[in-house]
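Data block below; observations after.
The values are calculated or read from the model by the stated rules, or taken from the named source; none is laboratory data. No experiment lies behind these values; they were computed from the predicted model shown. FYI the Cβ positions are ideal-geometry reconstructions off the backbone, even for glycines, and counts take in every protein chain you see. Just so you know, the surface numbers come from the protein's heavy atoms only, side chains and all, with ligands and any DNA or RNA stripped out. Shrake-Rupley method; radii C 1.70, N 1.55, O 1.52, S 1.80 Å.
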Amino acid sequence: MAHECLMGRARDLAERGRYTVAPNPLVGSVVVRSGSVIGEGWHTRAGDDHAEVAALKANGTTADGATMYVTLEPCNHYGRTPPCTDAILQAGITKVVVGYLDPNPRMRGRSVGILREAGLTVEVMEDSLVRRQNEQYMHHMLTGRPFVHLKLAASLDGKIATRTGDSKWVTGEEARRRAHLLRAEAGAVLVGAGTVRADDPLLTARGLDSAPPTITRVVLDPSLKTSADSQLARTANESPVLIFADEASLDGRERGLIERRVEVISTPMKGTGLDLDFVLDELGGRGIRGLLVEGGGDTAGGFASAGLIDRATIFYAPKLLGPEGVPMVGGSFGPMHVADAPRFSISNAEQVGEDVVVTLYPESQEENVHRPS
């Protein structure tokens, strides 16, 4: 069986963890001997067996003389689980084909070196599809910041609410379920204070086939107007809530939130809003690798103005809300000339229920290497 075919199978297996694995990377593995597959596995969620170990356990027999295909370089250190390099050596594997080197500073080719020093043959394919599959993990490891995925639900004329502010529901049930999947994929979701006041959302991932990871809920609230009686605050002991607020607003109002186990973070201002670079650096430092931005038009406009969108998903509903509706991108965003407007390329468009979903990436994104397959 060809390398490309077996690595493709390993990528397919890795996909099975897309909505449960955050903040870990998607990894799949196939073990082959004498031209036959004798074991397959994938990483399901943080703390569970890594793909390599899962594939070896699935085999149920010795792997002496076998070849392992694994999408991402095996780990070589103790975390929640033992090193996969140890498991590979103990299993009697003689060759490892790696889809892509892990950019984690603890790896970056070190695991390959360990296996080669032990006498194994190791081939690195540098498979661009593996990198695309793990766009948020790769982005975090290379930049220290979470991968920013902007999600918008709008009418055909680009409005996210009516002129009275009513936004339930712009899109249909299937689109809303897809949005919950995007939350699970990212592992963290961000909104502005206006969304919290208007909708009192939970911002969790619900109604999914498999239990998602714990979702970190993030609020941009310069004036610290989020109520301690909001659903977010009342559930902060179940799923973390981080509120970024202007230092000037920390005048005692934060006490009720802190009593609810909400973390309030003093944040510098930049222009008319919070410093989003500070926010992303803070989240990245906490190990948050993916961030789904779901806020209203002002929040979307802030990220667009700062050039901080790594991916955008827009759910278009077959409805018209009129010129006085709330635009999906607002705030201070607004280039003077069309030539100055940020440009995006369409990666995918599909119908989900009654709505159309468009996935886009910034045209400036280098060689589009972060796009998922």
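For this structure, a couple of remarks:
- Test result for Gly273, crowded, with 22+ Cβ neighbours inside 10 Å, at negative phi and touching a residue at least 40 places away in the same chain (Cβ under 8 Å): no
- First in segment 192-217 and at positive phi, second anywhere and outside any loop (DSSP other than H, G, I, E, B) and buried (at least 21 other Cβ atoms within 10 Å of the Cβ), Cβ under 6 Å, 6 or more apart: Leu203/Val189; Leu203/Arg217
- Search result, residues across segment 31-65 that are assigned to a loop (DSSP other than H, G, I, E, B) and buried (at least 22 other Cβ atoms within 10 Å of the Cβ): His43, His50, Ala63
- Those residues of segment 298-354 which are without any contact (Cβ under 8 Å) to a residue 40 or more places away in the chain, within 28 Å of Leu280 (Cα to Cα), open to solvent by 50 Å² or more (accessible area, probe 1.4 Å) and assigned to a strand (DSSP E or B), in sequence order: Phe344, Ile346, Asn348
- Residue selection: Thr121 satisfies the criterion of being over 30 Å from Leu321 (Cα atoms), at pLDDT 90 or above, open to solvent by 30 Å² or more (accessible area, probe 1.4 Å) and touching a Lys or Arg at 6+ places or on another chain (Cβ under 8 Å).
- Among residues that are touching a helix residue (DSSP H, G or I) at 6+ places or on another chain (Cβ under 9 Å), open to solvent by 60 Å² or more (accessible area, probe 1.4 Å) and of a type in the set (D, E, K, R), Glu238 is not included.
- Given (1) part of a helix (DSSP H, G or I); (2) touching a strand residue (DSSP E or B) at 6+ places or on another chain (Cβ under 6 Å); (3) open to solvent by less than 50 Å² (accessible area, probe 1.4 Å); (4) under 30 Å from Val357 (Cα atoms), index of the condition Met141 fails: (2)
- Residue count for segment 51-100, restricted to those that are in contact (Cβ under 8 Å) with a residue 60 or more places away in the chain and either of a type in the set (Ser, Thr, Tyr) or in contact with an Asp or Glu (Cβ under 6 Å, 6 or more places away or on another chain) (or both): 6.
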